[in-house]
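The numbers here are math on the coordinates, done by the rules we state, and not lab data. This is a predicted model, so every value here is computed, not measured. Here the Cβ positions follow ideal geometry from the backbone for every residue, glycine too, while neighbour counts run over all protein chains shown.
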Amino acid sequence: MTDLPRARVAWVSPQLSYMVASTRYRCYYPALALGELDIESVFYRSSKEVIPHLKGLDAIVFVKLLDSDSVKLAGLAKDQGVKVLIDLCDNIIVANYPKTPDLHPALRFAGIGAFADAIVVPSPALSEALRPMLRPGARFVVIPDQVETRTSFAAAKRLQEEAVKPAEKRPAAIAQRGSRFAAHAARHPADAMMILRRKISTAFRLFGTRLSRLDRRTPPPPSKGPQAATVDELKSACANNATQGHLKSVVWFGNYGAAHSDFGMLALLLAAPALEAVNKDIPLELTVISNKKDLFDSAIAQIDVPRRYINWSTEAVFDSLKEADICLLPFGMDAFSVTKSANRAVLALEYGVPVVTTRLASMEPLAGAVGFDDWEAGLRRFLGKDGAKERADAIAAARPILAATYSPRAIGKAWATLIDDATTKIRPGYVKTPCAGEVAVLLDAPESSEQLLSIIDELRHREDVLLRVLVTPHALAGSTRPLIERQIIPYALEAEPIMAEDDRILRTVDFLLTAGDSLKDPESLTASVVRIAVARGVRTFGLVAPGDGTAISAHSLLRNDGSPMVLGAANARDFVEQLLDGTAKARTNKRQLAEPVSG
C-alpha cells in the first residue's frame, strides 16, 4: 500500500521574524510542534504568494493578517477544498487599535471569517470579543501560547533560517508608491496635501525624538534612582546580592504598552501600594525588563522601592527569571487587555518562578498554581518566612498544567486535531457536496461516448457523488437522446467564455473525465476545459485505448510529482471505485493523528 502524503500547512504572516513574539508563539512554535507529528509547514509573507501553490496545501493559517488579498485567497481556498484557519493573538479589531479610525480590519475579518473553518485564539475572552463580528455558528478554537524557553527560541531561529526565504528587497516599491501618490494628487489635490503634511509632521517628530535620545546617551552620575542595566551588569548585581543583604527579587517583563490600551508597564501602578507595604517588612527590589526607559523613569520610578530597569531582550528575561523570587504581572481591564494571553505567566512558571497576576480568562487554567489579584497577599505569600515552601508548592502545582496545556506536545496535538477534524466549510451559496466529491464528465468525441456513458451510468446511481455532465456544441445533438433516457440535464458549454478561461463551470469540481482522443487538438474546446481544470487543481483524466485485458483505462493529466496516474479496470463500477478510492478520507484528512517522531 502506498504511503499517504504528508499534510501540508501554509502559514501566512507579514512578519516572519523569530524576533517578533507573535510570530514565534502563533506561527513558528506550532509549526515546529506539527513537524514532530509529521505535518509539513511552509511559510509565506503575503496571500498573493500562496495562490499558485494552493493545490498542494491541506490548510492555510492566516496569522494576524486581515488584508484584501487574504479575503481573495480564502475564497479560492474554499473552491479547492483547502481548510482556512485564522489565528489572532490580539483583539486587533478593537475600535481604537488602528492609528486612524478604520473599519476595514473588522470588515475583512468578517469577510475571511465567512470562509473560515475555525478562528484560533489563545484566550476564551478573545473568542468572545471577536464572535459578534462573524456569522452565527462560527467556530472558535482556543489554543494557548506554548511555553517559551531558550531551546524553543533557538529552534524558532533555526526554522526561520532553514525554511523561510529572506524578504525580497524591492527598491522599485518606493518609486511605485511615489507614482501612486502623484496620481492621487492629480485627482484629489487637497487630500494629497493633507497626507503630505501629516507625513512630514510625523518625520520631524520621529527625528526630534531620536535626537533627544542621542542627547541622553551621556551616562548620568551615580544616584539612588532607577538604572538601566545590561545583562552582564544584571548577573554581577545578582552575585553582589548573594554576598550582601539579599533583597527579594520581584520581576516584571513585557512590552511597555501602546496608545490604544492600558496594558503594559504602567499596569504595575496597580501593585505599587502592595510593593511599598511589603518592602517595609521584606526588603525587595523591583526589576522591570521592557523597551521604554523614559516611561520607567517618569512613572515606575515613583514607586518607593529599590528598582532596576533592564533593556528588553529575550536573554535578559531568561537570565532575570533564573534569579527571581516572584513574577508580578498586573493587567489593565480594557477591551484589549482582558483578551491577552497567559504566555508571560507560563514562561515564568516554566523557569520556576511563582506568579501573581490579574485573573484574566487566559489565566484560568493556571488556577491553583498562581496568585490572583491580591498583590500584597501574593507578595507576602511567596516572599515571607514560608516563601520557599510556598514557591516550591506553586511550581509543583504548575508542572502538570504546563505539560498538559502549554507544552510543545500539547500545542502540536491541538493544532493537528484542528487540521484533521475541521470540517471544510462549503463556500456561501454553494450546494453541499457529497462526501466523495463532485465529478464532471465531458462529452465531446463520439467514438468514446459509449465508455463515458457507462461511467455516467455508474456515477449517477451513487449517493456519495454529485455528477455533472458537460457537453460541447459538437457533441450536444448526438448526446441529447442518451441523456434524455437517463434523465440527466447536461451543462451545454459555450466556446467563447471557455476560450476566455471562464472557470465557473469547474469551481466546485473535484474530478474531470473526458476522452483522450479529444485532446489531440490543443485549440479545441475540450483542451481548453482541461487546461482550466488543471490550473484549478482538478484531478483530470483522459480515457485511452484499453489494454492488458482492461475494458476501461485512463491516464491522469495532472500529477504533483510529474508522473501520470494510470487507472484501469474491467468494468465501469471498478473504474469508478479506483477513481474515488480514498477521496472521502482525503476530504476530511488522509492521516490519523500521529505520535511525535522521535529524534
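A few points about this structure:
- Considering only alpha-carbon pairs that sit under 8 angstrom and 6 or more positions apart, the relative contact order computed for the range 235-345 is 37 percent.
- Nonlocal amide H pairs with A59, under 5 Å, H built at 1.01 Å: R8, A10, K83
- Taking θ as phi - 60° and the Karplus parameters 6.51, -1.76 and 1.60, the scalar couplings of the range 322-332 work out to 4, 9, 7, 9, 7, 10, 9, 9, x, 10, x Hz in sequence order, x denoting glycine and proline.
- Computed from phi, the 3J(HN,Hα) profile of the range 30-46 under the Karplus parametrisation 6.51, -1.76, 1.60 (θ = phi - 60°) reads x, 5, 5, 5, 5, x, 5, 9, 6, 10, 7, 10, 10, 10, 9, 8, 9 Hz, with x in place of Gly and Pro.
- For the range 260-273, 3J(HN,Hα) per residue [Karplus equation, 6.51 cos²θ - 1.76 cosθ + 1.60, θ = phi - 60°, Hz, x = Gly/Pro]: 8, 8, 9, 6, x, 4, 5, 4, 4, 4, 4, 9, 4, x
- Residues whose amide H comes within less than 5 Å of that of G257, counting only those at least five positions distant or on another chain, are M265 (H built at 1.01 Å from N in the peptide plane).
- Relative contact order of the range 319-422, taken over Cα pairs closer than 8 Å and 6 or more residues apart, is 24 percent.
- Anisotropy class of the range 248-384 from Cα gyration tensor, a/c 1.5 cut: rounded
- Count Lys and Arg as plus one, Asp and Glu as minus one, and take only other residues whose Cβ is under 12 Å from that of A271; the net charge is then -4.
- Amide H contacts under 5 Å for A445, placed H, 5+ residues apart: A515
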